[in-house]
1. Do you know which of the residues in segment 119-150 that are among the charged types (D, E, K, R) and outside any strand (DSSP E or B) is most open to solvent (accessible area, probe 1.4 Å)?
2. Determine, yes or no, whether Asp17 is open to solvent by 50 Å² or more (accessible area, probe 1.4 Å) and either part of a strand (DSSP E or B) or out of contact with any Cys (no Cβ under 6 Å at 6 or more places or on another chain) (or both).
3. Which residues, taken from segment 65-86, are without any contact (Cβ under 8 Å) to a residue 60 or more places away in the chain, outside any helix (DSSP H, G or I) and within 23 Å of Gly43 (Cα to Cα)?
4. List, please: which pairs have Cβ atoms under 6 Å, are six or more places apart or on different chains, and start with a residue in segment 27-43 that is closer than 19 Å to His76 by Cα and end with one that is at pLDDT below 95 and surrounded by fewer than 17 Cβ atoms within 10 Å (Cβ to Cβ)?
5. Only residues that are more than 19 Å from Phe85 (Cα to Cα) and in contact with an Asp or Glu (Cβ under 8 Å, 6 or more places away or on another chain): list them for segment 120-136, please.
6. Inside segment 50-64, can you point out the residues that are open to solvent by 30 Å² or more (accessible area, probe 1.4 Å) and assigned to a helix (DSSP H, G or I)?
7. Can you tell me which residue among Asp46, Asp31 is modelled with pLDDT of 95 or more, within 15 Å of Gly130 (Cα to Cα) and acidic (Asp, Glu)?
Amino acid sequence: MTQRVELATVRDRLAVDEVVTEYAVAVDDGDWETYRGLFTPAGRADYRSAGGIEGDAGRVAAWLAESLRAFPMRQHLIVNRRVRFGVREQDTGDTARVQADYVNPMGAAAGGEDEPTAPDFVCGGRYEFGMLRMDEGWRLNEVIVREKWRRLPSRPAAPVTR
């Protein structure tokens, strides 16, 4: 690899990583406009393994907004990011696949949304992100949540059965 190609790869890797971080922050903050803006026009998300839905980014954002209302305290921790670049229309680097593990503690409000309690619910698993390079930068084309475990209040962590 030439230095120019290596530098471009590093820049793409940082840009892809930023999209993953923006995704987590948007969900945690309930910023559904930003969430939708992270996706390509045809982008889809699949939360079925976590008891959710699959659909286009707008539909899923609406479902998340309603479902997560009970948990005003959310903090995604996304780690072990494995980035792989692919080929689209014979141009190297126009697609990316990211596998990343997550832990997601969530808490209900004690006396209102501004007074969160300790986490009532914690889940973990692996995300699979599919990305495309667009004119405006990297965007999510696909998000698949593969929940592996969850812990409810006063219960030990248990594997998710499918």
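The values are calculated or read from the model by the stated rules, or taken from the named source; none is laboratory data. Here the structure is a predicted model, which means the values were calculated and not measured. Note: ideal-geometry Cβ built from the backbone for every residue, glycine included; neighbour counts use all protein chains shown. Ligands, DNA and RNA are stripped out before the accessible areas are found, and what is left, the full protein with its side chains, is counted by its heavy atoms. Shrake-Rupley method; radii C 1.70, N 1.55, O 1.52, S 1.80 Å.
1. Ranking the candidates gives Asp135 first.
2. yes
3. If the condition is that a residue be without any contact (Cβ under 8 Å) to a residue 60 or more places away in the chain, outside any helix (DSSP H, G or I) and within 23 Å of Gly43 (Cα to Cα), then His76, Leu77, Ile78, Val79, Arg82, Arg84, Gly86 are the ones that fit.
4. From residues that are closer than 19 Å to His76 by Cα, the pairs are Asp28/Gln75.
5. Hits for segment 120-136 are Cys123, Gly124, Gly125.
6. Ala50, Gly58, Arg59, Ala62, Trp63
7. None of the other options fit; the residue is Asp46.
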